[in-house]
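The values are calculated or read from the model by the stated rules, or taken from the named source; none is laboratory data. Every value quoted in this text rests on a predicted model; they were computed, and no experiment measured them. Neighbour counts run over all protein chains shown; Cβ positions are idealised from the backbone, glycine included.
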Amino acid sequence: MMAEQGDRFLSGGKVGSWTAPNITPDAQAGIGDWSEAEIVTYLRTGALHGKAIAAGEMGTAVQNSFSKMQQSDLEAMAHYLKQVPAIGGADRKHAFGSATAYTAVGH
Ligand code: HEM
């Protein structure tokens, strides 16, 4: 049930009631239209104006972890995410920014 599917690496999925979005560089289904600087801003603050907000567990991850990381480590993660294969398709598409609960962390 929770087995990983290698050909869908980082392209989203469900674990119980959690839905993880597609964070591959596909421009439509994933975050391919985000710059590395935008990924860093999102991880550091939990918000990317007009694009995404960190709700639920993602808000917790930002608040307790990503917002406390070194800028250089966030940049390395953003850079890495640009290198993984882009995975698209309607079933891999995530409606970014659709969460209602909002947890932003100060800059
Ligand atoms: C490099 C690491 C990560 C990146 C780039 C990332 C990115 C994202 C993005 C873009 C969203 C969608 C935001 C939106 O729809 O507006 C999201 C949602 C989410 N993330 Fe992450 N995430 C990361 C790590 C994590 C970790 C470590 C956790 C859990 C501990 C996590 C849990 C979640 C959950 C549960 C959601 C769905 C929240 C909701 O209900 O809307 N993420 N993430």
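Applying the condition of being free of Cβ contacts under 8 Å to residues at least 24 places away in the same chain and touching a Leu at 6+ places or on another chain (Cβ under 9 Å) to the range 39-53 and asking which residue is surrounded by the fewest Cβ atoms within 10 Å (Cβ to Cβ) yields Thr41.
Identify the residue in the range 8-38 that is in contact with a Ser or Thr (Cβ under 6 Å, 6 or more places away or on another chain) and within 17 Å of Gly97 (Cα to Cα) and, among all such residues, is surrounded by the fewest Cβ atoms within 10 Å (Cβ to Cβ). Among residues in the range 8-38 that are in contact with a Ser or Thr (Cβ under 6 Å, 6 or more places away or on another chain) and within 17 Å of Gly97 (Cα to Cα), the one surrounded by the fewest Cβ atoms within 10 Å (Cβ to Cβ) is Thr24.
Residue count for the range 19-68 satisfying the condition of being in contact with a helix residue (DSSP H, G or I) (Cβ under 8 Å, 6 or more places away or on another chain), within 9 Å of the ligand (Cβ to nearest atom) and of a type in the set (D, E, K, R): 1. A Cβ distance below 8 Å, combined with a sequence gap of six or more or placement on separate chains, defines the contacts here; from the range 54-72, residues that are in contact (Cβ under 8 Å) with a residue 24 or more places away in the chain and on the phi < 0 side of the Ramachandran plot reach residues that are near the ligand (Cβ under 9 Å from one of its atoms) and not in a loop (DSSP other than H, G, I, E, B) in the pairs Ala54/Tyr42; Ala54/Ala47; Ala54/Ala61; Ala54/Val62; Glu57/Trp18; Val62/Leu43; Ser67/Leu43; Met69/Leu43.
Listed here are the residues, each with its yes/no results for (1) in contact with a Gly (Cβ under 6 Å, 6 or more places away or on another chain); (2) modelled with pLDDT under 90; (3) β-branched (Val, Ile, Thr).
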residue: Lys14; (1), (2), (3): no, yes, no
residue: Pro25; (1), (2), (3): yes, no, no
residue: Leu48; (1), (2), (3): no, no, no
residue: Gly56; (1), (2), (3): no, yes, no
residue: Lys68; (1), (2), (3): no, no, no
residue: Ala78; (1), (2), (3): no, no, no
residue: Gln83; (1), (2), (3): no, no, no
residue: Phe96; (1), (2), (3): no, yes, no
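Checked against (1) more than 13 Å from the chain's Cα centre (by Cα); (2) surrounded by fewer than 12 Cβ atoms within 10 Å (Cβ to Cβ); (3) at pLDDT 90 or above, Met1 passes all but a single condition, namely (3).
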